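Contents: one structure, followed by commentary.
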Amino acid sequence: MNPAAIDWVAPLVVLVAGLGLGAVFLWRARRTGAVPAPLVVPPLEMRDLAGKRDSLVRQLRELEDTASRWTEPLARERYALELELARVLLSLEQHAAAAPERRKKASATKARKAAAGAASPPVASAGGSAITTRPALRGFLWGVGSAAAVGLLLLFVWQAARPRPEGGSVTGSTPMDRAESSPPMPDSESEEAPIRAALARDPENLEAHLELARVRLGRRNMMGVWDETQYVLRRSPGNPRALSYQSLVHLAMGQADVAVDELKRALAAEPDLLDAHRYLAYVYLRMGREEDAKATIANATRRFPTMGPELAQLLSEMRRQVAAGGEGAGGEGAGGETRPDAAAGAVRAPASRGVTLILELDAALRGQVAPGTLLFVTVREAGVEKGPPAAVKRLAAGAFPMTVTMDDSDSMAGESLPAEMRIEARVDSDGDPITRSPADPSARVDGVKAGGSAVRLVLKR
């Protein structure tokens, strides 16, 4: 842990607050530890006399209010009150004169008791404990407690602020945490990052788009390959590499003839594009045209004589893969072109649990769907009309009728297709799968069993 990266603000605030609180505790301990000045409390007799005096004065004032109605009884009562008030005032004066003498006797008595308490250990009594009767001891204990609290606070701040070793407690990460928080990045992910950075700097970089298509082909992200190749072909029609990558997308859609046409166009534009030769041989093998595949590899061998053994081995591997119903063959690329193992491996053979669809357009709509318009095919479990689909395929509308194969490679979650499915095919004129226009032709069928015979759908409005 880098000490310079530690946030010291919170620990310092806590430290300052703790020191301030400790200072307040010490100040209170000193203040409460001081011996208070003795309170002079008048004797009980003086308080009684003072109260009696006030009462007599009040009664005399009430008699003054009735002076207009003086009678003999009232005069006698007033005389008696005045005599009583005189006696009370006289007693108060006598007590006030004797007060200094009583205070001297009280001070002497307290001094004798203090001397006796210092000579003998304090004993708790019913009136209070030794701690409460000795302010100095109470102040000492307050000071010790405050110092201990400040020390604990300093220890806590030090423990929280010091760098922690890797794998330590509280903030140290364990090896398992590190493994979960930062999983190793796959090669395709690390390979895609610099391409995305280049596109962020220059979105019109066609070479970067082609490289991104190659990486997505290796990840079997056929939709991503389609998006990137379409972007390149809109800006550079007939681009050989874009056509070769897009041919494998059409092959995955079940449009092998379209894939062959695109690869032939790519080779016509760039005869030395080695990947186009390999992809064309693979498409021929998938179509059952083995002789055409051999002729394609022979043509590539004539152009690249040093790669003859490798191309022959590649043909054998692709033939074995196609015969087994698996994925494309492997092999190392050359000349800086796309690796055939990533591209051909991205094309899957139709799964046994898949279904073949024959999409037709209603006779009244012929000529109203422009070539290249997007077509969405979605698969859900039988009886389910809404919610996330089990599989989706997006393709460009071509010449109807169209043959589309849905298999496990189209699954949204990488799982097998449902045993019984509800399939919907829909032309989308705006290219947004969220929106649905009533003018877009569509068709749907429910209860289709996986692995069964081909299903015919007629798209209508």
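Of note:
- So Val215, is it within 29 Å of Ala391 (Cβ to Cβ), in a helix (DSSP H, G or I) and at pLDDT 90 or above: no
A quick yes/no check of all residues on (1) part of a loop (DSSP other than H, G, I, E, B); (2) touching a residue at least 40 places away in the same chain (Cβ under 8 Å); (3) not hydroxyl-bearing (Ser, Thr, Tyr):
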residue: Pro388; (1), (2), (3): yes, no, yes
residue: Arg394; (1), (2), (3): no, yes, yes
residue: Thr403; (1), (2), (3): no, yes, no
residue: Glu415; (1), (2), (3): yes, no, yes
residue: Pro418; (1), (2), (3): yes, no, yes
residue: Arg422; (1), (2), (3): no, yes, yes
residue: Pro438; (1), (2), (3): yes, no, yes
residue: Asp446; (1), (2), (3): no, yes, yes
residue: Val458; (1), (2), (3): no, yes, yes
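- Matching entry among Leu243, Leu206 (being surrounded by fewer than 21 Cβ atoms within 10 Å (Cβ to Cβ), at pLDDT 85 or above and either basic (Lys, Arg) or under 21 Å from Gly372 (Cβ atoms) (or both)): Leu206
- Cβ pairs under 6 Å, 6+ apart, first in the range 44-56 and part of a helix (DSSP H, G or I), second of a type in the set (Phe, Trp, Tyr) and surrounded by 16 or more Cβ atoms within 10 Å (Cβ to Cβ): none
- Helices (runs of 4 or more DSSP H) fully within the range 255-311 counting 3 or more residues that are touching a residue at least 24 places away in the same chain (Cβ under 8 Å), crowded, with 16+ Cβ neighbours inside 10 Å and in contact with a His (Cβ under 9 Å, 6 or more places away or on another chain): 256-269
- Residue selected from the range 355-379 under the condition surrounded by fewer than 21 Cβ atoms within 10 Å (Cβ to Cβ) and part of a strand (DSSP E or B), by the criterion farthest from the chain's Cα centre (by Cα): Glu360
- Of all residues in the range 361-408, those being touching a helix residue (DSSP H, G or I) at 6+ places or on another chain (Cβ under 7 Å), of a type outside the set (D, E, K, R) and under 21 Å from Ala450 (Cβ atoms) number 2.
- Scope the range 401-418; condition out of contact with any Lys or Arg (no Cβ under 7 Å at 6 or more places or on another chain) and over 14 Å from Gly254 (Cβ atoms); matching residues: Ser411, Met412, Ala413, Gly414, Glu415, Pro418
- Checklist (1) modelled with pLDDT of 85 or more; (2) over 40 Å from the mean Cα position of the chain (by Cα) applied to Arg426, failing item: (2)
- Subset of the range 217-228 that is touching a Ser or Thr at 6+ places or on another chain (Cβ under 9 Å) and under 19 Å from Val283 (Cβ atoms) - its residue that is surrounded by the fewest Cβ atoms within 10 Å (Cβ to Cβ): Arg220
- Of all residue pairs spaced 6 or more apart or on separate chains, those with beta-carbon atoms under 7 Å, a first member in the range 221-235 that is closer than 12 Å to Gln246 by Cβ and a second member that is part of a loop (DSSP other than H, G, I, E, B) and of a type outside the set (A, V, I, L, M) are Val232/Asn239; Leu233/Asn239.
The values are calculated or read from the model by the stated rules, or taken from the named source; none is laboratory data. Quick caveat: nothing in here was measured; it's all calculated off a predicted structure. All Cβ positions, glycine included, derive from the backbone under ideal geometry; neighbour counts span all protein chains shown.
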